[in-house]
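The structure appears right after this line, and notes come after that.
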Amino acid sequence: MTWSNPPVHGPLADALAQLAATVEHLGYDEGMHQMLATARREMQVSVPLRRDDGRVVVYSGYRVQHNFSRGPAKGGLRFAANVDLDEVRALAMWMTWKCALVDVPYGGAKGGVAIEPRDHSQRELERVTRRYTSEIAPIIGPEVDIPAPDIGTNEQTMAWMMDTYSALVGHTVQGVVTGKPVGLGGSRGRATATSRGVAHISLMAMAAHGMKPEEASAAVQGFGKVGRDAARFLVQSGVTVRAVSDVDGAVFSEHGLDIAHLGAHVDRTGSVAGFEGGEALDPADLVTLDIDVLVPAAVEGVITADNAGHVQASIVVEGANGPTTKEADAILLERGVVVVPDILANAGGVIVSYFEWVQAHQAYQWSEREVNDRLEERLTTAWHAVIEYASAHSLTYRAAATALAVRRVTEAHRQRGLYP
Ligand code: NAD
């Protein structure tokens with residue numbers, strides 16, 4: 001556990017620093033601080049894979065369940081080469097705050113396998129997913145912990161997880177994961193929910209800070225499940241999206257990118273690099289472009305002490321989890337850049353994951369319109385709660401969002417009491 005030996009840098013250090021500031025603001029004692037800082041359960045597993053050529057490799061896998069006070073744990077599964085236990089711990093803690101902030105009845109969890117998915121065939125990814133699922137099966141389930149897609153995983157991954165878990169328990173359990181294909185009990189609107197939420201929150205932040213969408217420009221880092229549709233929804237709302245990037249490159253157009261054509265290019269080539277509807281851009285320069293709204297929607301730790309002083313956007317909307325380091329956060333605050341935190345900005349995904357889980361329990365599918373309306377209603381409620389709390393207590397949006405969330409988790413914990 002991390003309490004006695006916390007890291008100094010990285011996502012877990014940032015998450016623990018945010019929690020420490022929140023605990024001080026709320027006036028909680030050291031015992032409560034320790035409870036909130038440590039995960040309730042952590043599992044580390046080996047995931048052996050027989051490759052298509054017969055060789056065997058062994059990957060490390062993790063599942064961290066940070067908190068259960070408000071309900072079963074919930075959080076994504078990440079496939080990325082650099083995943084480690086501390087990163088998964090940080091992401092699980094942020095999930096707890098996110099679920100509490102948007103008032104869905106879950107605690108937070110996260111999983112990861114330290115594998116580079118682009119180096120593997122679909123058949124290999126299926127075997128890794130099934131083996132990882134069987135290793136963590138004792139600690140997941142619709143009333144225990146419900147995984148969902150994250151970086152490097154998708155609805156196919158969730159279908160394999162659901163099938164593996166169902167085979168192990170002997171009957172179909174749709175509610176064990178969310179983000180499944182719609183034909184297998186997935187929710188309409190889930191695939192675009194995080195992006196829809198990012199765009200909805202961006203528009204509310206722009207309105208609150210006197211910016212009209214049709215006069216605003218944006219840059220989106222990451223063109224995956226979150227970034228791609230976030231860029232599309234922003235353009236649909238009138239915003240000029242000048243730049244997008246992915247792990248292989250970036251493209252820029254002063255007059256705005258055609259996201260549909262860019263999407264077709266990515267489907268064909270696998271990357272935004274080489275898109276003819278814009279100029280090539282150094283991906284590192286995207287963060288400091290002269291635009292109004294910056295949407296980091298890729299990985300953690302991309303707005304740092306080195307580049308925060310050069311960010312020209314007046315609003316940063318965190319589509320990714322943990323894209324702003326704590327040092328960068330302080331610099332952006334001092335420079336008057338508004339940061340809409342991840343636990344609010346990208347909460348659309350977990351909200352519709354919750355709707356998917358509810359639909360699995362009801363064995364009934366809602367219409368896409370119903371899903372989208374309920375999603376926007378929940379996000380709007382959370383947004384107003386955050387800006388009102390921030391204004392009442394002179395806090396940043398991140399500090400306000402974390403305080404509201406931690407208070408809810410703590411209230412549930414106190415009402416349940418400590419066993420034994
Ligand atoms: P994804 O794997 O679908 O896409 C990730 C994208 O980021 C890809 O385009 C990849 O090329 C790009 N990328 C990776 N490293 C990069 C770098 N250094 N610079 C620029 N681009 C880079 O993943 P995703 O599901 O879109 O997740 C993105 C972020 O959003 C993550 O932080 C994730 O935790 C968060 N998030 C995802 C969801 C969800 O529903 N998928 C929900 C909430 C939060």
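Below are the figures for this structure:
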read-out	value
Per-region count, the stretch 293-310, residues more than 14 Å from the ligand (Cβ to nearest atom) and either under 16 Å from Gly249 (Cα atoms) or surrounded by 21 or more Cβ atoms within 10 Å (Cβ to Cβ) (or both)	2
Qualifying helices (runs of 4 or more DSSP H) (wholly inside the stretch 317-420; at least 3 residues being surrounded by fewer than 24 Cβ atoms within 10 Å (Cβ to Cβ) and not basic (Lys, Arg))	326-334, 348-362, 368-393, 397-416
Residue within the stretch 109-126 that is touching a residue at least 24 places away in the same chain (Cβ under 8 Å), away from the ligand (no atom under 15 Å from the Cβ), assigned to a helix (DSSP H, G or I) and basic (Lys, Arg) present	yes
Condition met for Asp84 (among the charged types (D, E, K, R), under 18 Å from the mean Cα position of the chain (by Cα) and either away from the ligand (no atom under 16 Å from the Cβ) or surrounded by fewer than 20 Cβ atoms within 10 Å (Cβ to Cβ) (or both))	yes
Hits in the stretch 1-21 - residues which are assigned to a helix (DSSP H, G or I) and either over 25 Å from the mean Cα position of the chain (by Cα) or not small (Gly, Ala, Ser) (or both)	Pro11, Leu12, Asp14, Leu16, Gln18, Leu19
Single match in Ala313, Ala330 (criterion: farther than 16 Å from Ser202 by Cα, away from the ligand (no atom under 14 Å from the Cβ) and not basic (Lys, Arg))	Ala330
Single residue of Thr164, Thr178 found to be polar (S, T, N, Q) and part of a loop (DSSP other than H, G, I, E, B)	Thr178
Residue in the stretch 204-222 that is farthest from the ligand (Cβ to nearest atom), counting only those that are under 19 Å from the mean Cα position of the chain (by Cα) and not aliphatic (A, V, I, L, M)	Gln221
Inter-residue pairs, beta-carbon under 9 Å, first closer than 14 Å to Leu234 by Cα and in the stretch 274-298, second among the hydroxyl-bearing types (Ser, Thr, Tyr) and crowded, with 24+ Cβ neighbours inside 10 Å, 6+ apart	Val293/Ser202; Val295/Ser202; Pro296/Thr324; Ala297/Thr194; Ala297/Ser195
Set Asp267, Asp290: member being part of a loop (DSSP other than H, G, I, E, B), away from the ligand (no atom under 12 Å from the Cβ) and outside the structural domain of Arg118 (by TED's automatic domain parsing)	Asp290
Of residues in the stretch 127-150 being in a loop (DSSP other than H, G, I, E, B) and hydrophobic (A, V, I, L, M, F, W, C), the one farthest from Phe79 (Cα to Cα)	Val144
Strands (runs of 3 or more DSSP E) completely within the stretch 22-96 that count 2 or more residues being closer than 28 Å to Ala298 by Cα and of a type in the set (Phe, Trp, Tyr)	56-65
Residues located in the stretch 229-264, provided they are in contact with a helix residue (DSSP H, G or I) (Cβ under 7 Å, 6 or more places away or on another chain), surrounded by fewer than 22 Cβ atoms within 10 Å (Cβ to Cβ) and either among the basic types (Lys, Arg) or part of a helix (DSSP H, G or I) (or both)	Arg232, Phe233, Val235, Gly263
Selection status of Thr153, in contact with a helix residue (DSSP H, G or I) (Cβ under 7 Å, 6 or more places away or on another chain), of a type in the set (Val, Ile, Thr) and assigned to a loop (DSSP other than H, G, I, E, B)	no
Subset of the stretch 40-81 [of a type in the set (Gly, Ala, Ser) and over 18 Å from the mean Cα position of the chain (by Cα)]	Ser46, Gly54, Ser60, Gly61, Ser69, Gly71
Single residue of the stretch 43-69 satisfying the filter (in contact with a Ser or Thr (Cβ under 8 Å, 6 or more places away or on another chain) and of a type outside the set (Gly, Ala, Ser)) that is farthest from Ile140 (Cα to Cα)	Asp52
Restricting the stretch 183-203 to residues that are within 15 Å of the ligand (Cβ to nearest atom) and aliphatic (A, V, I, L, M), the residue that is nearest to Trp383 (Cα to Cα)	Ile201
One residue from Gly249, Gly256, Gly227 being under 25 Å from Pro147 (Cβ atoms) and in the same structural domain as Gly322 (by TED's automatic domain parsing)	Gly227
Filter pass, Ala231 being within 13 Å of the ligand (Cβ to nearest atom), more than 30 Å from Ser391 (Cα to Cα) and modelled with pLDDT of 95 or more	no
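The values are calculated or read from the model by the stated rules, or taken from the named source; none is laboratory data. The shown structure was predicted, so the numbers you read here are calculated from the model rather than taken from an experiment. Cβ atoms come from the backbone with ideal geometry, glycine included; neighbour counts cover every protein chain shown.
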